[in-house]
Structures are given as C-alpha cells and as structure tokens.
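The values are calculated or read from the model by the stated rules, or taken from the named source; none is laboratory data. Everything numeric in this text was worked out from a predicted model, so none of it was measured. Cβ coordinates were reconstructed from backbone atoms using ideal geometry, including for glycine residues, and neighbour counts include every protein chain displayed.
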Amino acid sequence: MNSPNPEAPIRWSVLIPTWNRADILARTLEGLEALRLPEGDELEVLVCDNNSNDRTRQVVEECADRLPVRYLHEPRQGKGYALVQLIAEARGNWLLFLDDDVLVDPGLLAAYRRGMARYPEAKLFGGPIHPWLERPVSGTRAFLIEHYHGVHALLKFDEDRRMVEGKVEAYGPNMLFEASIMRQPESVRTDIGMFQGKRVSGVDVAMVNHQLGKGYEGWLIHDAVVKHYIPLKRTGVRYFCRWNTGWGRAWVFKRGRPEPGRWGVPWWAWREFARRAARATMDWRPWPTKDFYDRLAEACHFWGWLTQTVQ
C-alpha cells in the first residue's frame, strides 16, 4: 500500500447524511463554519437529504454563502443509500463522515492531520465523541449515558489506539477514510438503517470493520474530538430498549435468521430471549445497576433478531 505524504495538501470532503432533522442540522453546519482549515488544504461539505419532508434543503442553501456546502437528495430510504451517494459525489481525497447532530472541535482537521503524520500507513481514523446534551439529566438517564456509550454513539479514550477488526471502534458522528478505499465495491451496506419504521443498527460500524477486514490500518486519534447531540427523547430506558432491539435486528445480516425447530418455530432462540428477560427481572433494583441493564440489553437483542422482518 502506498503511504500518503503527510505534508501534501489535503482536500477534505465532509459528508453528512440527514433525515428530518433540519433544526439540529443547522447547528451542525454553523459549527463547521468555525472549523480551522490547515494551510494549503481545501474543504467541501456535502449534505445528503435522505428524503426529508422538513426544511432540510432550505437550511443547507442558507449556509451556502458562509460554507462551501452542496445539497444532495437521495429518495431511497436508508442511511446506506445516502452514504453511497455522498461518496460518489465527493471530490476530496479524505472523507470525513459526520452525523447531522454533531458539534465539531474547531481543531478537528488539524488533529487528524497530526494523526496521519504519526501513522502514515493508516487509511481510516476515528476520534472521541463526547455528549452534547439537550439538557442536563440525572438518575437512570445519566447512568445509561455514562455506562452505555454505544447506545448514544459516544466514544471516550485518552490515548491513541489502533483499531481492531471485529470490535466497535468508531461511529457515524466521527469517522475519516482515505477516499480510494471507500470507492471500492461493497464499502457501504445499504441493507442496514431505517426501514419500514424499524431501525437496523450498525451501518457505520460495518463500514469500519469492512475496511479493517481487508487489511487496512486504522487508528483512533485522541484529540480529534466532536460532540454528539443527545436529545432527552434519546435517553432513558425506552430508548435503551429500542436501540438494543435495532442492534439485534442486524444479527439477521450477520447470522441469518434463527434456525427453526419443531413446527417451524425457533424455540431455542425464544428460550434464550425468555431466559435473559427472566434474569433481567431478577436483577432489577429500585436504583440503576449494570447487571440489570446488561441482561435487559441481551433480551432486546434476541427480541430484535426474532422479530426482524426486513432482509
């Protein structure tokens, strides 16, 4: 593999898929206006509207005089389809994927550039994702945010570390790829996302693991920081269960459907669901505990797998 010259100018393409989140998207784009561009580098921002019915297009066009932003539209529902179009339209040699609800650190690009200099063989990077709360939370909501980072697309670490295939190493709010590897076939899955009102989780994690599985080197850069917006409705037990059910639905694509037993019913998988639900019940306490929520998450995974209807 050819190593990029860390001193060469970079053309950054910031890629943002979005769906019906015009108000928070406006704040994300406003934050990008403060992004410091390293000397000699170029920047473009692409926003792909995944069939929204709100003010998304207007929000993007209103920023065009302050930010080098382009509006794209993808009518096929699913984050993967939006990502495919973003990659096809991007002109940069490095692709920075952000979600539509992040606040970037102004020094984000400089931090990634320093990471490239430290790890010149790397083709993909990620960075810390800290919470950006709609309003302060306490009790169970605060407990779940603190102990279940993946549920809220958060990532916390203090030192650089190499990515490992098979683990959850980066999320959609903050991922950077060398453009050529993302233009190869099957770099993005279009069968994961929001379908028929149900979420199948993991499209961004799948992107990372696909490239790591091909042998490309990836690193997490400790000071390449963004903040991820967490509205109140995406905290608490109900959201925790909904997210973990979506993760379980994604098992269909990894494992296939549960093998049926007598009368065509996968009794063994239903037993596993019931066993975990029962353990969660036994572990319940009036105060939040890790044991209870671990068992509850496992039960939700099996429930999502058993009830998945989209494949």
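In the condition set (1) of a type in the set (Gly, Ala, Ser); (2) within 18 Å of the chain's Cα centre (by Cα); (3) modelled with pLDDT under 95, SER13 is compliant with all but (3). Exactly one residue among ALA206, ALA250 is closer than 25 Å to LEU306 by Cα and assigned by TED's automatic domain parsing to the domain that holds ALA280, and that residue is ALA250.
Set side by side, the residues ARG238, ARG257, ARG242, ARG285 differ, and just one is under 30 Å from the mean Cα position of the chain (by Cα) and either outside any helix (DSSP H, G or I) or of a type in the set (A, V, I, L, M) (or both), which is ARG257. LYS214 fulfils the conditions (1) modelled with pLDDT of 95 or more; (2) farther than 22 Å from LEU133 by Cβ; (3) buried (at least 21 other Cβ atoms within 10 Å of the Cβ) except for a single criterion, (3). Restricting attention to the range 30-84 and to residues that are in contact (Cβ under 8 Å) with a residue 24 or more places away in the chain and of a type in the set (Lys, Arg), the residue that is surrounded by the most Cβ atoms within 10 Å (Cβ to Cβ) turns out to be LYS79. Taken together, the residues in the range 82-140 that are in contact with a strand residue (DSSP E or B) (Cβ under 9 Å, 6 or more places away or on another chain), over 23 Å from HIS152 (Cβ atoms), in a loop (DSSP other than H, G, I, E, B) and of a type outside the set (Ser, Thr, Tyr) amount to 5. May I ask you to list the residues in the range 228-258 that are within 17 Å of ARG21 (Cβ to Cβ), basic (Lys, Arg) and touching a residue at least 60 places away in the same chain (Cβ under 8 Å)? Residue satisfying the conditions is ARG234 alone.
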